[in-house]
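Structure record follows, encoded as structure tokens.
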Amino acid sequence: MNQLAGIINNSSLQAAALWPLQNVPGFPPIIQTVHILGVAAVMGSIVMISLRALELALKNQSLDEMMRRLFPWLWLAMLSNVVSGSFFVLARPYRYAENPIFIAKIFMIFTAFPIAYLLRYLVRPDNLLVTYIGARANQTSIRMVSFLSIILWLSITVSGRWIAYVEYLIYPT
């Protein structure tokens, strides 16, 4: 990870990320606001879908229809988070490459994506699992995956907040 940070640290990617952060008035809070709004859109989408799948809310909504409506917003928000987060990571690569919370967050994100796709597949009315395991077992699978999804995305959000503060725990003054 440090080799990658070293490559980024000596590259034009770092210069490209640093320039607007240092030279565009108000850019850091603007890009951070975009990132936080993206987090809110992701969390809103995931929580609504998962609470519906767990039958804790929105019972009058079709889960398949909710996913068709909300998934495009989820992916758009994730794209905006990748772009906005990249400014900070590329600007200070060593800060993130050595941060165990950031590494855990990235791992959880790469775990949460396949789980989101799995949930999307399980909810589709034409999924083959219903044929093989039955509708009741499929519903149980949807609930388990939804619960795991909420836990993962909450953990991702909390770890995102902790990234900035872990330095104080690792390197106390």
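A short reminder: the numbers here are calculations on the coordinates, not readings from a lab. A quick note: this is a predicted structure, and the numbers were derived from the prediction, not measured. Backbone-built Cβ (ideal geometry, glycine too); neighbour counts: all protein chains shown.
Here are some notes:
- Each Lys and Arg contributes +1 and each Asp and Glu -1, all at the Cβ; summed about the Cα centre of the chain, the dipole is approximately 260 debye.
- Dipole orientation for the chain: of the candidates Ile103, Ala40, Gly85, Ala40 has the Cα lying most toward the positive pole (charges on Cβ; Lys, Arg +1; Asp, Glu -1).
- Relative contact order of the stretch 37-96, defined on C-alpha pairs under 8 angstrom at six or more residues apart (%): 41 percent
- For Leu169, neighbours were defined as the other residues whose beta-carbon sits under 15 Å from its Cβ, and their charges (Lys and Arg +1, Asp and Glu -1) total 0.
- Mean separation of Cα pairs under 8 Å and 6 or more residues apart, divided by the residue count, gives the chain a relative contact order of 31 percent.
- In this label model, Glu65 and Ile30 are separated by 4.0 nm, measuring between points 7 Å along each Cα→Cβ vector.
- When each full DSSP H helix of the chain is screened for a Cα extent of at least 24 Å along its own axis and an average Kyte-Doolittle hydropathy of at least -0.5, the helices passing are 27-53, 63-91, 100-123, 135-162.
- Applying 1/(1 + (r/R0)^6) with r as the Cβ-Cβ distance of Ser86 and Arg161 and R0 = 25 angstrom yields a FRET efficiency of 0.85.
- For the stretch 9-85, the set of trypsin sites (Lys or Arg not before Pro) satisfying both a DSSP loop assignment and a count of at most 14 other C-beta atoms within 10 Å is given as Lys59.
- Highest average packing first - 90-99, 103-112, Cβ atoms within 10 Å: 90-99, 103-112
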